[in-house]
1. With all pairs of different alpha carbon atoms counted, what Kirkwood hydrodynamic radius in Å does region 152-299 show?
2. Can you return the aspartates and glutamates within cross-link range of Lys340? Criterion is Cα-Cα under 19 Å, with same-chain partners fewer than 8 residues away left out.
3. Using the Kirkwood formula over every pair of different C-alpha atoms, what hydrodynamic radius in Å results for region 348-419?
4. Determine, at each q value in 0.09, 0.12 (inverse angstroms), the log₁₀ of I(q)/I(0) that the Debye formula gives when each Cα of region 121-239 is one equal point scatterer.
5. Thinking of region 212-272 as a set of Cα atoms, what percent of all their pairs are more than 14 Å apart?
6. So what is Rg over Rh here for the chain, counting just Cα atoms and using Kirkwood for Rh?
7. Mind running the shape call on region 284-421? Use the C-alpha gyration tensor, a ≥ b ≥ c as the square roots of the eigenvalues: rounded below 1.5 for a/c, prolate if a/b tops b/c, oblate otherwise.
8. Where does each of 370-377, 356-363 land if you order them by average Cβ count within 10 Å, highest first?
Amino acid sequence: MENVAAGAIPVVALGNDGDGLARTPAGMMFVPGTVPGDEILLASQTATHGTLGRVVSPGPTRVAPPCPLFGSCGGCRLQHMALPAIMDWKAGRVVEALRHAGFDSVPAPQTRQVSPHGRRRVDLAFRRAGREIVLGLHRRRGDVVDMTACTLLDPTLLALLPPLRTMLHSLPAVHAGGDVQINLLDSGPDLLIAMDGTPDTNDRRILAEFSRAHGIARISLRARPPETLALTGPVFHHFDGTRVVPPPGAFLQPAREGEEAIRQAVLAGLPRKGLKAGIIELYAGCGTLSFALATQAKVHAYEGDRPAFACLKQASGGTRVLPALRDLNRQPVMATELAKSAAVVLDPPHAGAGAQVAQIVTGRPRCVIYVSCNPAALQRDLTPLRQAGYRLDSLTVIDQFLWSAEVEAVCVLTLPAARPRR
Ligand SMILES: C[S@@+](CC[C@H](N)C(=O)[O-])C[C@H]1O[C@@H](n2cnc3c(N)ncnc32)[C@H](O)[C@@H]1O
């Protein structure tokens, strides 16, 4: 009989990308598909990575993956781990990043995890495979896996996939394949397609028929700028009651519940007094937070992407949102301007806020609300704020990319008032 205990390797932690960290005789090793507490046998190994052979004894958070495609589809990394444990792990990563940024006492995080089947934004690849179209996500470091099931996707989008496959198959401009980004807006699914052929009038007719049949207001071709291929109705979405017309492929928070959690945490973090001085919002996108903030004060909303800015500008008429087009890496909002505001709200891209951080540190606005999608960038950006004397008042950690290693956080920072001199 196999001496299981002698050969079994313990998994002791999770790495930042969600792979288990196993303690092997050869050293620590990443092993995808494992959770802390697992005792495992490896099928193969390199110097840094192992392949799971089998689980000898499961860790306390191990569960049966809910999706039948888990393991082949590259969309989820952590379906073998219980959702509450994933939430704790994500919150722990943010807390650790904040400690490394110098915050000794991090407030207990409020946590919010969205429900399954809430994902409203997805980027899928498609390939011709004989008489079929394979449509789905790439397997890890591999080809496209047909998305025949999904525990993430909104049911409206999941139901769209079979007719979308059929339509793409009939499209003459699709030779080998392409990809399609789908945003579920209030007006219905909005599609931005890239394909390897040039669509002609026949392709456009097919796309228009498909749009009409499936309640799709707009299909665009990914180009610079995107080209409308079919427009069968008005395209619209609402942020806090304001109607916006997002451009093709617009940035949207991936889940409605996640967006709402971010919005609530940001609003709750605003100072109670002094809002007449106005709010400066950096990286405003199409206005996800801008119109909510405008219920409290005048908002100077900066955005660097021209189509997103145009969307915000068009929607802002008659509101307290004052949009400005600005590349904040090249031309950050200056310290003197930031200093006059009641609060600075920033929601930078994955790389973080770059040159803008130094201006915040110099301007010393009393309240800074930082919305993060990357703990490493959060740590980098908040280190100089901590050194400048900012205090971390509250922390909300949001899991809106279920079963992945992605995590969002809202940090509310304030500068304690200087003590009056005697
Ligand atoms: C994480 S998104 C947040 C958008 C918006 N707050 C939302 O929740 O929908 C980051 C935004 O920053 C914008 N952005 C990226 N780099 C920028 C830059 N250098 N200057 C200004 N805006 C930038 C992107 O276009 C995008 O709209």
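1. The Cα-based Kirkwood calculation yields 17.2 Å.
2. Qualifying aspartates and glutamates at Cα under 19 Å: Glu281.
3. In region 348-419 this quantity evaluates to 12.8 Å.
4. After summing over all Cα pairs, the log10 values are -0.22, -0.40.
5. 69
6. Looking at the chain, the ratio lands at 1.01.
7. Oblate shape, in that a/c is at least 1.5 and b/c is the bigger or equal ratio.
8. Peptide ranking by packing, descending: 370-377, 356-363.
The values are calculated or read from the model by the stated rules, or taken from the named source; none is laboratory data. Note that the structure is a prediction, hence the values are computed from the model and not measured. Here Cβ is always computed from backbone atoms with ideal geometry, including for glycine, and neighbour counts include all displayed protein chains. Side chains are part of the model used for accessible areas, which takes the heavy atoms of the whole protein and leaves out ligands, DNA and RNA. Shrake-Rupley method; radii C 1.70, N 1.55, O 1.52, S 1.80 Å.
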